[in-house]
Amino acid sequence: MSSTVNQINDLTQQEYKWGFITSIDEDRLPPGLNEEIVRAISLKKGEPEFMMEWRLKAYRYWAQLEQKQAEPKWANVKYPPIDYQALSYYSAPKQKKELKSLEEVDPEILDTYAKLGIPLHEQKLLAGVAVDAVFDSVSVATTFKAKLAEAGVIFCSFSEAVKNHPELVKKYLGSVVPVTDNFFAALNSAVFSDGSFVYVPKGVRCPMELSTYFRINAQNTGQFERTLIIADEGASVSYLEGCTAPIRDENQLHAAVVELIAHDNATIKYSTVQNWYPGDKEGKGGIYNFVTKRGKALGKNSKISWTQVETGSAITWKYPSCILQGDNSIGEFYSVALTNNYQQADTGTKMIHIGKNTKSTVVSKGISAGHGQNTYRGMVKILKGATGARNYTQCDSLLIGDKCGAHTFPYIEVKNASARMEHEASTSKIGEDQIFYLQQRGISKEEAVSMIINGFCKAVFKELPMEFAVEAQKLLSISLEGSVG
Amino acid sequence: MSLLEIKNLHASVNGNEILKGIDLTVNPGEVHSIMGPNGSGKSTLAQVLARRESYEVTAGSIMFDGKDLLEMKPEDAACEGLFMAFQYPVEIPGISNAYFLRAALNAVLKYRGQDEMDAIDFLPLLKEKMRLLEMDERFLNRPVNEGFSGGEKKRNEIVQMAVLEPKLAVLDETDSGLDIDALKIVAKGVNAMRNKNRAMVLVTHYQRLLDYIVPDFVHVLVNGRIVKSGGPELALELEEKGYSWTEAEPAGARR
Ligand SMILES: Nc1ncnc2c1ncn2[C@@H]1O[C@H](COP(=O)(O)OP(=O)(O)OP(=O)(O)O)[C@@H](O)[C@H]1O
Ligand SMILES: [Mg+2]
């Protein structure tokens with residue numbers, strides 16, 4: 001027994017494979033944050049007046065929170081105070097002119113994406129994935145535009161959306177996550193430099209998976225992207241984001257905001273495979289991933305589904321949520337969160353039931369290894385008018401070794417007596433007997449562990465688009481490599 | 001050459017010596033039965049053979065098919081052709097029986113440098129073995145052992161043995177928990193696998209199993225030692241008299 005426990009504790013961490021640094025010229029603003037910087041970002045991006053005003057409003061709100069030191073402290077994570085004045089809020093690969101095609105993208109950047117295994121070149125996109133790649137803060141290339149345009153789907157960088165579709169941006173930006181929502185959302189609203197924008201018009205099923213890869217490269221910068229997805233009546237879209245970052249000793253801040261809006265009978269499926277640099281074995285470095293994600297199921301029979309596989313980041317603070325406003329609307333949250341070494345994750349969801357007969361499903365799978373700390377924090381709120389609302393929550397934790405932790409904080413608030421709530425929770429240790437059983441059938445220990453974990457996560461993986469499910473499984477095995485003897 | 005040769009085996013769990021000098025030789029084609037009181041070390045012997053790490057071998061040697069078994073990791077022993085049917089089969093949630101068994105077979109094939117099997121070739125093979133054990137096809141897609149009844153789990157162990165076709169099968173109380181019909185089905189499955197190259201070690205408490213699978217040799221394990229060995233008639237004698245009389249006699253492991 002003891003030898004296995006020792007081996008389980010013997011965390012020899014697999015090297016982070018995405019940790020290289022790309023040397024390119026960057027255009028960056030000096031560190032620090034004030035109204036001037038916010039204006040400068042807006043000017044650099046050639047934004048219309050309303051955007052600058054919106055940013056300034058967000059900045060002023062944030063600054064006053066920062067004055068009061070009102071950064072959220074309630075999450076079950078520990079980190080030294082962040083010096084927001086030491087960060088640079090804008091860094092972009094230097095480009096001489098506007099890009100017209102992929103050929104004009106800096107080959108160094110394309111090379112980076114190639115190393116990341118992202119199918120950026122058109123020919124590789126036959127797989128049917130349209131990719132928007134955000135490098136540091138700027139969207140570098142959006143592929144597959146033509147085919148999408150044919151269907152009437154707008155998929156572009158946020159900056160382009162501000163230029164070409166200001167009316168849509170004006171109408172929807174901040175309509176789900178207002179600038180005053182929380183400290184990090186306010187910060188993002190003030191300084192975000194790019195991100196992705198999707199609009200699927202009435203009755204259109206988006207003809208392909210949409211996908212964005214985020215990459216932090218520059219040093220001492222924060223990355224603040226903004227994603228806005230709108231599915232108009234009867235429209236549907238599936239969107240996937242992936243993230244990586246180079247290995248750096250100092251922590252880097254990533255504070256993104258994602259807003260989803262689904263009108264009547266519309267469906268949005270949003271999947272994340274988050275693999276930001278998690279820090280080293282001793283917990284040095286890594287990304288602080290402080291993200292606000294929220295979807296509004298605005299119309300009747302609309303549906304918003306979040307699926308996330310979170311294996312990276314030193315700290316994850318993230319609660320993709322659904323506001324179920326339309327009658328019969330559906331919200332889903334499927335999550336795998338893995339913490340190894342000294343990673344900390346405080347993640348979960350909020351399901352706010354407003355409309356009648358609204359339904360939500362929450363399936364959370366937390367895996368802790370090494371000294372990892374994994375917290376599920378979820379809220380289900382049934383408002384007065386939400387007659388016939390239903391929620392199912394299942395929340396399982398798996399522990400590998402005996403130095404890690406799993407915590408569960410479910411909050412439930414029911415104001416309508418007709419609500420039906422189901423909650424299941426479990427905590428288990430990965431069993432030496434399970435590993436041995438598989439080994440006795442010829443399967444190696446590493447494979448046995450990855451098989452057991454994939455089995456544990458199955459209910460979530462089956463929600464991912466096929467090709468990404470495979471990727472997610474691999475990622476999980478790599479992130480755990482060496483954590484079990 | 002013998003298939004399994006255990007000499008003076010001593011093994012401990014958590015510092016307690018459980019096996020206190022076991023000698024046992026098994027030749028290809030033979031079926032040996034090991035009987036003995038609860039806690040005497042039968043499962044411990046099986047686990048040691050399967051190379052479970054928590055069971056520490058403190059003295060002695062085990063040769064398996066001419067190789068030093070004690071040098072092998074559990075998966076290597078399995079790939080070399082050693083199979084153990086568990087007394088308490090383990091549940092693996094979220095992994096289907098079919099997926100798991102194909103992964104296992106492919107691991108073994110790969111180890112032996114043979115071509116791995118794809119799902120299309122594997123499925124008919126698995127279905128055939130399940131028919132042999134009269135197991136319903138719905139067990140193909142059910143997670144490994146999860147929610148199986150005690151008897152279903154035991155039967156599933158034998159299905160696995162039939163797929164993996166080991167050189168040596170160690171069946172740890174495969175009969176306990178089986179109803180009469182299931183016992184016959186399992187015995188039929190096991191007998192179908194008996195051949196001149198394959199050996200079996202059956203750990204059991206009951207003569208009943210040995211009515212269906214007639215062993216060549218019976219050994220009595222008491223307090224970590226084999227205290228008596230004989231032919232099938234020894235099992236009948238034990239059934240009648242219990243174990244207490246065997247301990248008085250000098251230990252004599254056969255062959
Ligand atoms: N992991 C363990 N930790 C502590 N003691 C153990 C462990 N495994 C086995 N033992 C002890 O070793 C002894 C032999 O156990 P074993 O399971 O081999 O007996 P057995 O002959 O198979 O009994 P049964 O007929 O009840 O299955 C028992 O006293 C048991 O408690
Ligand atoms: Mg036993």
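The values are calculated or read from the model by the stated rules, or taken from the named source; none is laboratory data. Everything numeric in this text was worked out from a predicted model, so none of it was measured. Here Cβ is always computed from backbone atoms with ideal geometry, including for glycine, and neighbour counts include all displayed protein chains. Protein only, heavy atoms only, side chains kept; ligands, DNA and RNA dropped before computing areas. Shrake-Rupley method; radii C 1.70, N 1.55, O 1.52, S 1.80 Å.
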Nearest-5 percent of antiparallel DSSP beta bridges in chain B?
60
For a protection proxy built on the mean count of beta-carbon atoms within 10 angstrom, sort B:225-234, A:270-279 highest first, please.
A:270-279, B:225-234
B:Lys154: which lysines have alpha carbons under 21 Å from its alpha carbon, excluding same-chain residues fewer than 8 sequence positions away?
B:Lys42, B:Lys127, B:Lys129, B:Lys167, B:Lys184, B:Lys188
What whole number of Å gives the distance from the Cα centroid of the stretch A:181-202 to the Cα centroid of the stretch B:27-51?
65
Can you tell me what the convex hull of the Cα atoms of the stretch B:97-255 projects to on average, as an area in nm²?
10.9
Calculate what fraction, in whole %, of the accessible area of chain B sits on carbon and sulfur atoms when a 1.4 Å probe is rolled over the protein chains.
48
Once amide H atoms are built 1.01 Å from N in the peptide plane, which residues 5 or more positions from A:Ala425, or in another chain, come under 5 Å H to H?
A:Cys395
With respect to the cross-link table entries A:Lys296/A:Lys474; A:Lys356/A:Lys381; A:Lys44/A:Lys293, which display a Cα-Cα separation exceeding 22 Å?
A:Lys296/A:Lys474; A:Lys44/A:Lys293
For a quick check: with amide H placed at 1.01 Å from N, whose amide H comes under 5 Å from A:Arg205's, ignoring anything fewer than 5 positions away on the same chain?
A:Ser236
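May I ask for the Rg/Rh ratio of the stretch B:26-103, computed from Cα atoms with Rh as the Kirkwood radius, given to two decimals? Working shown, then result.
Details: Rg = 14.4 Å, Rh = 14.6 Å.
Rg/Rh for the stretch B:26-103 comes to 0.99.
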For A:Glu167 and A:Met421, extending 7 Å from Cα along the Cα-Cβ vector and measuring point to point gives, in nm, a value of 4.4
For the stretch A:282-321, accessible area per residue (1.4 Å probe, heavy atoms of protein chains only), Å²:
20
Residues in the stretch B:171-211 reached by a label modelled at B:Ser149 [backbone nitrogen below 16 Å; 7 Å Cα→Cβ]:
B:175-186
Diagonalise the Cα gyration tensor of the stretch B:68-127 and give the resulting equivalent ellipsoid semi-axes, square root of 5 times each eigenvalue, largest first, whole Å.
21, 18, 9
Rank A:Tyr199, A:Tyr61 by accessible area, highest first, at a 1.4 Å probe radius?
A:Tyr61, A:Tyr199
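By accessible area of protein heavy atoms, probe 1.4 Å, what ranking do A:Trp74, A:Trp62, A:Trp54 get, highest first?
So, going from the largest accessible area down, we get A:Trp74, A:Trp54, A:Trp62.
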In square angstrom to the nearest 100, the accessible surface buried at the B/A interface, both sides summed with a 1.4 Å probe, amounts to 2300
Non-local residues with an amide H under 5 Å from the amide H of A:Ala75, with H modelled 1.01 Å from N and Pro and chain starts lacking one, are none
Label point distance in nm, A:Ala149-A:Glu71, each placed 7 Å from Cα along Cα→Cβ:
4.4
